[in-house]
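The values are calculated or read from the model by the stated rules, or taken from the named source; none is laboratory data. Keep in mind the model is a prediction, meaning the values are calculated, not measured. Every residue, glycine among them, receives a Cβ derived from its backbone with ideal geometry; neighbour counts consider all protein chains shown. For accessibility, only protein heavy atoms count, side chains too; no ligands or nucleic acids. Shrake-Rupley method; radii C 1.70, N 1.55, O 1.52, S 1.80 Å.
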Amino acid sequence: MKAKIISHSTVTLIKITSGLFFMISYNTLHAQNNISITQTIRGKVIDAGVQLPIEGVTVILNTGVSALGSTTLADGTFRLDNIPVGRHSLQISAIGFKEITLNSIAVNSGKEVVLVIEMEKSITSLAEITVKSQTDKSGTVNKMTDIGARLISVDETQRFAASFNDPLRAVQSFAGITSAGEDGENLISIRGNSPFGIQWRLEGVEIPNPNHFASIASSGGGISIISQQLMGNSDFYTAAFPAEFGNATSGIFDMKLRKGNNEKREHTFQLGILGADISTEGPINILKGSSYLVNYRYSTLGLLKGIGIDLGENDTKFQDLSFNISLPSDKVGNFTFFGLGGISDNSSLPTGIRRFGTIGIDNKGVIGITHTKQLKNNGFVKTIIAGYGVKNETIDELVENSGNIINLNDQNYNQTGLTVSSTLNKRFSARWQLRAGIVANNVSYNLKNEERHPELFLSEKTLDANGTTNSLQAFAQVKHFFSEKLSMMAGVHSQYFVLNSKKSFEPRASLKWQTDKKNSIALGYGHHTQQLPIGIYLSEYKDASGNFIQPNKNLDFYTSDHLDLSYDRMFSPLLRLKAELYYQQLSKIPVNNTEDNTFSLINLSDFFYTEPLVSQGKGKNMGIELTLEHYLHHNFYFLATTSIFNATYSTIQNQWFNTKFNRNYSFSFTGGKDFLFTGKRKQQILGINARIFYSGGLRDTPVDIPATNSAGGRVIYDYTKKNKDQLLPYLRPDIKISFKTNYKNFTGTFMLEVEDVIDRQNIYKRSYSPVSQTYTFNYATTLIPIIGYKIEF
């Protein structure tokens with residue numbers, strides 16, 4: 001089921017809400033407020049290696065007019081009161097630690113700024129030396145990685161045009177990331193790989209795809225379940241990721257949740273075309289530092305239909321709930337409880353005019369508990385227990401001439417799981433750090449796939465399985481600093497899959513050399529494996545004797561070897577150039593075992609495939625990526641990327657073809673500027689952000705026209721030219737306009753985001769008509785305007 005976040009039914013919704021938002025924005029624009037508006041910046045500084053507070057850290061904030069300072073207490077906390085609203089820089093330094101600079105921190109009147117700052121230990125033996133480090137954006141949340149990772153800040157998900165506060169849409173601005181489907185989906189391909197290779201993680205544990213309206217076994221969907229209100233700074237990996245990450249071959253989105261305010265109750269309400277959501281946070285026990293953070297959202301379309309407004313033939317609605325509860329303790333360690341859940345359905349029932357209909361249901365949820373226990377002064381152990389559930393169902397219906405409704409396809413994907421992981425983090429010295437752990441996963445499944453034979457018009461059941469299986473992963477990695485300029489990371493990951501007794505041994509290594517203050521070089525290698533969606537292993541068919549067999553049960557892990565070389569150049573503290581050269585060798589890709597078949601799982605974006613396969617396919621991805629980034633400063637930023645790549649695969653007969661996602665090249669530019677109003681409206685900010693994508697088109701296989709004309713109307717493809725044709729280039733400019741007003745006790749923000757502002761209607765699929773003997777094209781979702789208003793108080 002392909003998900004679209006906007007359909008023709010939203011035209012009615014836009015008309016209904018436009019007047020409301022106009023009145024809100026008009027009042028905001030004409031607000032009179034001469035009161036000096038300030039807010040508080042506070043937080044905690046901890047040692048990144050052992051997660052212990054650091055006393056005596058100097059925290060200096062530059063307001064642009066003057067500098068304010070503070071020093072952390074014994075518990076690592078600091079506080080800066082009466083900070084004028086706007087953007088400020090924060091400089092954090094301590095003897096024996098690398099200095100940190102946080103640029104352009106947004107200070108609004110509606111909420112306090114609460115930071116958790118992790119400092120890295122300096123290996124310099126002289127205690128009086130303070131080592132300078134690069135600006136915060138050039139690093140990552142995970143300090144045990146040197147290559148192939150990018151920080152995703154909360155500010156980026158809020159700022160980037162047409163990201164709709166969705167983290168996966170925000171990463172599409174980065175090098176090597178291209179769209180893998182329609183504009184209405186947040187489905188992406190990394191370096192020409194299938195979206196299947198991406199893994200979602202939350203608070204350190206792998207989770208199911210956290211998107212509404214997702215196809216079965218897909219990694220994307222229509223709208224993210226995770227609210228931007230809960231997101232903390234996170235990491236996105238595209239190459240040679242460290243040994244702690246397993247069961248992924250192309251990328252990892254390692255998401256973190258922020259903690260709620262543990263001193264003051266704060267709230268956010270947002271209303272927009274996509275939905276209405278409310279979040280609340282505050283202390284549970286101020287003396288103990290505990291806090292809660294909860295967000296609930298319900299689709300605007302569902303709300304309007306619930307009060308009787310006719311929005312057309314499609315029935316599209318969703319709702320979700322997410323939370324993060326922090327319970328720190330000095331004696332037994334720190335606990336957090338986290339969770340998210342989403343319910344969505346997108347149905348179009350067959351009518352007398354429309355003969356085909358679809359019922360799509362996508363429900364899922366995750367709930368977990370983490371426990372972090374300090375090991376004196378040299379490390380900590382983090383243990384996670386998380387459970388999840390997924391219910392995904394798609395039914396395709398047809399109205400016969402008699403009026404009867406029959407099912408053409410009926411797919412059910414029901415899965416529950418329990419994951420237990422424990423990770424040891426130990427620092428032997430400033431030069432040596434260790435991270436090791438185990439992950440155990442139990443999965444219960446109930447799967448069904450029933451299809452109507454296109455010629456016999458009989459239902460065929462190709463999957464009907466329920467049961468339980470397990471998997472086990474283990475890893476160990478060390479990071480060693482030869483000097484302040486030269487570091488090395490090495491480790492190994494392994495996994496074992498009980499269902500078919502497959503196992504892996506995966507070495508990983510990287511080396512980073514900071515040649516001088518402005519230049520650095522890094523080299524990384526990783527061997528990675530990934531389990532297939534469980535429905536592929538359990539697919540079945542009848543043999544000549546009438547017995548059901550499972551031909552795919554012993555398929556091996558999908559495997560990738562990734563080599564990455566990167567060069568970083570800091571022209572200034574605010575301007576960075578990064579170049580990456582990579583080569584990826586794929587192996588053990590499931591392909592069809594017939595000689596004349598070119599099918600490979602590398603070309604699919606969702607994986608409810610039930611034909612017999614063998615793990616004998618191969619693939620090669622190679623390319624170069626360039627990124628030029630100007631960090632946000634003086635209310636201006638930009639991010640420009642260019643990628644040139646080639647992604648190919650081979651069949652069982654060693655014939656090489658383009659992958660479906662081999663666009664060959666891509667370019668993106670993301671940038672924006674804030675305009676501050678002085679005088680009577682000095683607390684008002686107009687933000688204008690833009691983003692443009694340009695890339696080669698998706699691949700397609702040409703039709704053998706003579707053979708098709710001789711086949712009586714049946715389309716025959718020329719598979720000797722698999723994916724040889726390339727659709728027209730992809731071009732999509734997006735804009736975002738926001739207007740923020742800081743009142744004395746709350747902040748109001750009006751937002752307008754437009755995806756594909758020129759109404760390009762990019763081609764994502766083509767079909768051949770034997771009647772007209774011409775190709776017809778399927779176009780991506782047209783111009784998408786999203787209007788919203790947010791209030792924080």
Kirkwood estimate for the range 644-793, i.e. one over the average of 1/r between Cα atoms, Å: 19.3
Given that compact globular proteins tend to follow 2.2 N^0.38 Å, what is the ratio of the alpha-carbon Rg of the chain to that value? 0.96
Cα pair distances of the range 363-455 binned at 5 Å [whole percent]: 3, 10, 14, 12, 10, 9, 9, 7, 6, 5, 5, 4, 3, 2, 1, 0
On C-alpha positions alone, give me the angle between the axis of helix 10-29 and the longest principal axis of the chain, in degrees, nearest 10. 10
I'd like to compare 224-232, 266-274: which one has the highest average count of other Cβ atoms within 10 Å, and what's the full order after that? 224-232, 266-274
Find the accessible area per residue for the range 422-513; the probe is 1.4 Å, ligands and nucleic acids are left out, and the unit is Å². 51
Taking a 1.4 Å probe, which of T101, T747 shows the most accessible area, and what order do the others take after it? T101, T747
The answer for the net charge of residues other than K518 whose Cβ lies under 11 angstrom from its Cβ, with Lys and Arg +1 and Asp and Glu -1, is +1
Principal axes of the range 480-551: Cα extent on each, largest first, Å: 71, 21, 14
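Scaled to the compact-protein estimate 2.2 N^0.38 Å, what is the alpha-carbon radius of gyration of the range 408-456, rounded to two decimal places?
Cα-based Rg divided by the globular estimate yields 2.31.
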Past 20 Å, Cα to Cα: identify those pairs from K588/K724; K364/K765; K512/K620; K588/K620; K256/K391; K98/K673, in the order given. K588/K724; K364/K765; K512/K620; K256/K391; K98/K673
Below 8 Å between Cα atoms, with a sequence gap of 6+, how large is the relative contact order for the range 174-247 in percent? 22
May I ask you to give the percent of accessible area on the chain that is carbon plus sulfur, with a probe radius of 1.4 Å? 58
Just the accessible area per residue of the range 575-644, please: how many Å² with a 1.4 Å probe? 39
Taking a quarter of the surface of the convex hull around the Cα atoms of the range 412-486, what do you get in nm²? 8.9
Dividing the alpha-carbon Rg of the range 37-77 by 2.2 N^0.38 Å yields what? 1.34
Distance from the Cα centre of the range 227-246 to that of the range 592-619, in angstrom? 29
